[in-house]
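Presented below is the structure to which this report refers.
The values are calculated or read from the model by the stated rules, or taken from the named source; none is laboratory data. Quantities reported herein were computed from a predicted structural model and do not represent experimental measurements. Heads up, the Cβs are rebuilt from the backbone with ideal geometry, glycines too, and the neighbour counts pull from every protein chain shown. Surface areas here come from the heavy atoms of the whole protein model, side chains and all, with no ligands, DNA or RNA. Shrake-Rupley method; radii C 1.70, N 1.55, O 1.52, S 1.80 Å.
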Amino acid sequence: MGCMQIKEATTAEEEDQILGPPSKVMDASEHVQHLVYMVKPALEMTLLTQSLQTLKAMQMISRDIAGNQGTMYYVKVKTSNAKMPWLFCKIYEPPTVTGVSPVQLKNVKQVSESEPLATFY
């Protein structure tokens, strides 16, 4: 049901009602680095590139989803691609990751190195 709530959120306001308050910006954890690698194929497909060999999660913000339905991560990622060296990735992690309920890339934006990490829809 939590996954359905996230998919049904069509505006930033609706999403804010489902998500808890954002954490402070912090250094990315090894766990978040692993999530970034899990969504790498989706990143490459979304950005129409296969040249994202190196992805390094640098910073993160997390938001718990109401009803213990998982966590949304906002991650600042450094890439090896000269045309898009910095990305903000929005990654959904369900409470239990399975083949039926996988980690999902929800959104991605190209940003500059100096842009501070923030939540985004």
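Across segment 23-80, the volume of the C-alpha convex hull divided among the residues equals 85 Å³ per residue. For the chain, the C-alpha radius of gyration divided by 2.2 N^0.38 Å, with N the number of residues, is 1.01. Accessible surface area normalised per residue over the chain is 56 Å², counting heavy atoms of protein chains with a 1.4 Å rolling probe. For segment 102-113, the Karplus equation 6.51 cos²θ - 1.76 cosθ + 1.60, evaluated at θ = phi - 60°, returns couplings of x, 5, 10, 7, 8, 6, 8, 9, 7, 9, 8, 4 Hz by residue, with Gly and Pro reported as x. Across segment 81-89, computed HN-Hα scalar couplings (Karplus, 6.51 cos²θ - 1.76 cosθ + 1.60, θ = phi - 60°) run 8, 5, 7, 9, x, 10, 9, 9, 10 Hz from first to last residue, x flagging Gly and Pro.
Backbone amide hydrogens, once placed in the peptide plane, bring Val111 within less than 5 Å of Trp86, Leu87, Phe88, excluding anything fewer than 5 places away on its chain. Each residue of segment 37-46 is assigned a 3J(HN,Hα), and the resulting list reads 5, 5, 9, 3, x, 5, 4, 5, 5, 5 Hz, derived from the Karplus form 6.51 cos²θ - 1.76 cosθ + 1.60 (θ = phi - 60°), x at Gly and Pro.
The number of Lys pairs in the chain with C-alpha atoms less than 17 Å apart, excluding pairs fewer than 8 positions apart on the same chain, is 24.
Put simply, the amide H of Gly20, placed in the peptide plane, has neighbours under 5 Å in Asp64, Ile65, Ala66, leaving out anything fewer than 5 places away on its chain. Largest GNM mean-square fluctuation among Thr98, Thr71, Thr79, using the chain with Cα springs under 10 Å: Thr98. About its Cα centre, the dipole of the chain is roughly 380 debye, where the only charges are +1 on Lys and Arg Cβ and -1 on Asp and Glu Cβ. When the charge dipole of the chain is built from unit charges on Cβ atoms (+1 for Lys and Arg, -1 for Asp and Glu) and taken about the Cα centre, the candidate among Val25, Pro94, Leu55 whose Cα reaches farthest toward its positive end is Leu55.
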